[in-house]
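Undergrad: Got a structure for you, questions after.
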Amino acid sequence: MSVASQNTSSVGGAEKPKLGLGSIINLSMGFMGIQMGFGLQNGNASRILANYGADVHHLSWFWIVAPLTGLIVQPIIGHMGDNTWGKLGRRKPYFLIGALLASLGLIFLPNSNIIAGEGMSAVDFMGISAILWIGIGFLALMDVSFNISMEPFRALVGDMLPKSQGTLGFSVQTILIGLGAILGSFLPYILSNWFGISNTPEGGDVAMNVVWSFYIGAIILMGTILYTIITTKEYPPEDFARFQGIEDSEGLEKSPMSDIFKDAWKMPKRMRRLGLVQFFSWFALFTMWVFTTVAISQNAYDVEVDEEAYQLALTKLESLPIPADEKEAEDQAKLIESFKNIEVNEGLYFVNSSQAGLFANSFFVSDQELEESTLEALNSKPGNFASEIETKTPAELLRDSEILGYLLDESAFSFNQDLKTSLVYKRVKVQHELGGDWTGVLFGTYNAIATLFAFLITFIAARTSRKFVHIISLLAGGLGLISMLFIHDPTYLLIPMIGIGFAWASILTMPYALLIDSLPPAKMGVYMGIFNFFIVIPQIVNALVGGPIVHAFFNNYAIYYLAFGGVLFVIAALLTLRIKEPLFGEAEIIKLREEDALKKSTN
């Protein structure tokens, strides 16, 4: 694509031509597929790792790979993109490679147990099972791949659009990101509730609705990336030279990789201030992504057992004979120790998903005995479940939380102690899965709100300021996260997602729209990568300290840490006040931009 006009900008280079809305959409269509994969990861990775045996206070540690790879990969990819001029383009080769690798991660992560096979199921390293290590490995592959793909899309908007279209470009990108995240977040729920695909894992497997969601995500990811590659033609070197006021493309500076450190040291003042805002914003976001599934399961679902059920399980565990196999004996000892470490909270004990699964089917009665007994009970008093009894298998009936609650009602049925205890833990397991599915719905909802809000962001910012929009949005997100502490009905958790959606839309748009004014065009990629430091460093810190904080200060109740994330959103909003831009008055903002551009041209 060549330059359509030769208007001179305030900094001496040719003005980039404005692009039509269709072309702007094409630029970021691939980002929609990436975000669908990212949405699937955010909503389900903790759930998958928990099925493989991860403890709640260790979850944040397993997520550390994502920000750590971003810290390393994105500046390097940005620098390489700034210095790449190939037939495929400047940015496109990188998000194509990233998409291919991410698709592999989506396919293999929910199948880690199959890849491990029976031969590796009894192997562990550093106290972590081989299956869990393989899952962590594929999660890492996805993280690296998403980071390879994401940065070039940010830089592509800066490359292709004039600064006057920057807010519009990132708003469109936010809309497409939101659409992808909505689909990725809702997909497991849709497959389970609309198509009848099971949402309950068997043994150490991953629920089939999650597995198929990841397969579909891989297909859509590759399709959208290829769409952007086919429909978008990047500017050639000679056009970039004209945009910078250079007569010949030979004059375009190519910098060594070591310049990444120099560029980071010399980052613009506005970038530093925005970076601090980003730090607190992304610390809060990481908290939400990692701990929401566990937090709402604990706060809005029945995943706790009373003293009687807890003591029965503990007694059963301690009465088990010690296996002859050394590894099996060690695993049994760890399970007993983990159960003993559950601390009582107002007379109740929080049991995690993997523990509940073991007690539901393994230690008290066999699967067959449980299914036969419950079916017999239901047939004796069909109540409101006559149609379900006729159409569902016993195993399917035991995945229904309402039926399990009905069976546990002492006024309706009388079971022996072992059967009743199995049903108690079976219901806890089902409640965990419902919490996992509802997390996907909540994440899909805030992404839907973010998508709708993104349509309005450019309009509101033009009549107030980008700074004003970001402050109000972060405050709304903070109130949303804090309010989740006080909501115990899953349905009402949809309300806080409105504020979180506002915050997410603004975080994806406004910092970048504010940033590109202060960046040199020749280093758009590397500075976008360096700016990512302020996204990934808070996630790394949170990954290291989040789990221990939840364990040490909140007795493994993650909802309190979620509310703490809301407080950080509020702090980020207050720090946005330091950005040099009036809260109101577009004319004053334009004047400031012109003054900044004039200073750059005279330096």
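Please treat every number below as a calculation from the coordinates, not as lab data. This one's a predicted model, so the numbers in the text were calculated from it and none came from an experiment. Methodologically, a virtual Cβ is constructed for each residue, glycine included, from the backbone with ideal geometry; neighbour enumeration extends over all protein chains shown.
Undergrad: Between rounded, prolate and oblate, where does the range 322-454 land on the alpha carbon gyration tensor, with a ≥ b ≥ c its root eigenvalues, rounded for a/c under 1.5, else prolate if a/b exceeds b/c?
TA: oblate
Undergrad: With the crude spin-label approximation of a point 7 Å out along Cα→Cβ, what separation in nm comes out for ARG272 versus THR491?
TA: Each label point lies 7 Å from its Cα, and together they span 5.2 nm.
Undergrad: Report, in whole Å, the centroid distance computed from the Cα atoms of the range 221-241 and the range 384-409.
TA: Going from one Cα centre to the other spans 53 Å.
Undergrad: For a paramagnetic label modelled at 7 Å from the Cα of ASN345 toward its Cβ, which residues of the range 290-309 fall within the zone defined by backbone nitrogen distances under 14 Å?
TA: Under cut-off, by backbone N: 291-306.
Undergrad: If you don't mind, there's one more thing I want to ask. Could you give the semi-axes, largest first, of the ellipsoid that matches the range 530-578, computed as the square roots of 5 times the alpha carbon gyration tensor eigenvalues and rounded to whole Å? Don't skip to the end; give the middle numbers.
TA: Details: eigenvalues 108, 48, 7 Å².
For the range 530-578, the semi-axes come out at 23, 15, 6 Å.
Undergrad: Assuming R0 = 51 Å, can you tell me the calculated FRET efficiency for the pair ILE336 and ALA462, based on Cβ-Cβ distance, to the nearest 0.05? Before the final figure, lay out the partial values.
TA: Values: r = 63 Å, r/R0 = 1.23.
Using R0 = 51 Å, I get an efficiency of 0.20.
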